[in-house]
Amino acid sequence: MNSGKMQDFLKGKTILVTGATGFLAKVFIEKILRIQPEIQKLYLLLRASNTDLAAHRLQNEVFEIDLFRILRGELGEDFNSFISKKVVAIAGNVAIENFGIEDEKIFEEIDVLIHSAASTKFDERFDISMGVNTKGALHALDFAKNCKKLKAFVHISTAYVCGDGNYEDGFVREKAFEMGESLKGISKLDIHNEMNLLDKKIAELQAMNADSNTMKFALKDYGMERANLHGWPNTYVFTKAMGEMLLMHHKENVSLIIIRPTVVTGTIKDPFPGWIEGLRTIDSVIYKIGQGKLKYFPGDPKTIIDA
């Protein structure tokens, strides 16, 4: 994103970002505003019941955090006015059609859609993961198709959707999923059948008058069961894989880009080294090593690790 070509491309563009309070989205938002202040508009979708609550979340969970320290320093007293001019908070939910947005004028403005919203818990309830990671991907694609001047639709996935141990030239394979592909290769994955089975499971639990706690853990277990059946280690990567399948199958003429990040830790350089928000993924291991509490960590010496 430091290249002149990318900066030129972004100039004057209107961008919609889903999952705006997520870790990766925050880093993206900060860099866009810092390297190309001449974007036209940055629409940020946040899960909220109304615009005021969305704007409140955006202010507290995004623009007031330390990540924006450099941009604040560069703009000084003009920071807040710059943000109010360039950024618009939108209340919505990727789990519903059109994200719940009723103002169709937005379809006339969007040049780029960055779909970063996701449920990232490995063992999340199957219905929640399915709604956000699988159905949400299709809702984002349908939204993109309605954008009159869309240049690109960028979907943030995860490298671990291809967790079958297959490597190409020393790297985890990057080939796109085909509809119905299963990592085990012994049975076809029918996404609509998975949705129907999930609905039946929920109906069964409701018929049993299961309380909320029982419902939660039953649907967590069910998600892991269905993921393992088709070769995925957890509900998160399983539902993200199904989301990719739907995108590839239904994209038609949309310029689709799928980005598969691996383990996310702190910033290495931009906007400054070492920014992190909480302990994520492998951070807890690094933290314990730093404290001297973790002396050994077993692993496969042939494991490929990003540099």
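Observations
- Counted residues, region 1-21 - those being touching a Cys at 6+ places or on another chain (Cβ under 9 Å) and without any contact (Cβ under 8 Å) to a residue 12 or more places away in the chain: 0
- Total residues in region 20-72, condition in contact with a helix residue (DSSP H, G or I) (Cβ under 9 Å, 6 or more places away or on another chain) and farther than 19 Å from Ala91 by Cα: 17
- Across region 50-63, the qualifying residues are those that are of a type in the set (D, E, K, R) and within 15 Å of Lys26 (Cα to Cα), and the one among them that is surrounded by the most Cβ atoms within 10 Å (Cβ to Cβ) is Arg57.
- Single residue of Ile282, Ile258 found to be under 21 Å from Leu183 (Cβ atoms) and either free of Cβ contacts under 8 Å to residues at least 40 places away in the same chain or in contact with a His (Cβ under 8 Å, 6 or more places away or on another chain) (or both): Ile258
- Within region 1-24, considering residues that are under 16 Å from Ile39 (Cα atoms) and surrounded by 17 or more Cβ atoms within 10 Å (Cβ to Cβ), the one modelled with the lowest pLDDT: Leu10
- Test: residue in region 294-306 that is in contact with a strand residue (DSSP E or B) (Cβ under 8 Å, 6 or more places away or on another chain), open to solvent by 70 Å² or more (accessible area, probe 1.4 Å) and part of a loop (DSSP other than H, G, I, E, B): yes
- Residue in region 64-76 that is crowded, with 19+ Cβ neighbours inside 10 Å and of a type in the set (Val, Ile, Thr) present: no
- Lys184 satisfies every condition listed in (1) under 30 Å from Lys13 (Cβ atoms); (2) open to solvent by 50 Å² or more (accessible area, probe 1.4 Å); (3) modelled with pLDDT under 95 except (1).
- Filter pass, Arg47 being under 21 Å from the mean Cα position of the chain (by Cα), open to solvent by 40 Å² or more (accessible area, probe 1.4 Å) and among the basic types (Lys, Arg): yes
- Within region 22-39, residues that are closer than 19 Å to Gly76 by Cβ sit with their Cβ atoms under 6 Å from residues that are open to solvent by less than 30 Å² (accessible area, probe 1.4 Å) and aromatic (Phe, Trp, Tyr), at 6+ positions apart or across chains, in these pairs: Glu30/Phe68.
- Within region 286-302, residues that are among the small types (Gly, Ala, Ser) have Cβ atoms under 8 Å from residues that are modelled with pLDDT of 80 or more in no pair, counting only partners at least 6 apart in sequence or on another chain.
- Residue that is most open to solvent (accessible area, probe 1.4 Å) [pool: residues in region 95-116 that are in a loop (DSSP other than H, G, I, E, B) and modelled with pLDDT of 95 or more]: Glu109
- Yes/no for Gly76 being in a loop (DSSP other than H, G, I, E, B), over 22 Å from the mean Cα position of the chain (by Cα) and either closer than 25 Å to Ala140 by Cα or without any contact (Cβ under 8 Å) to a residue 24 or more places away in the chain (or both): no
The values are calculated or read from the model by the stated rules, or taken from the named source; none is laboratory data. Quick caveat, the model's predicted, so the values are computed rather than measured. Positions of Cβ are generated from backbone atoms using ideal geometry, with glycine treated the same way; all protein chains shown enter the neighbour counts. In case anyone asks, the SASA skips ligands and DNA or RNA and just uses the protein heavy atoms, side chains included. Shrake-Rupley method; radii C 1.70, N 1.55, O 1.52, S 1.80 Å.
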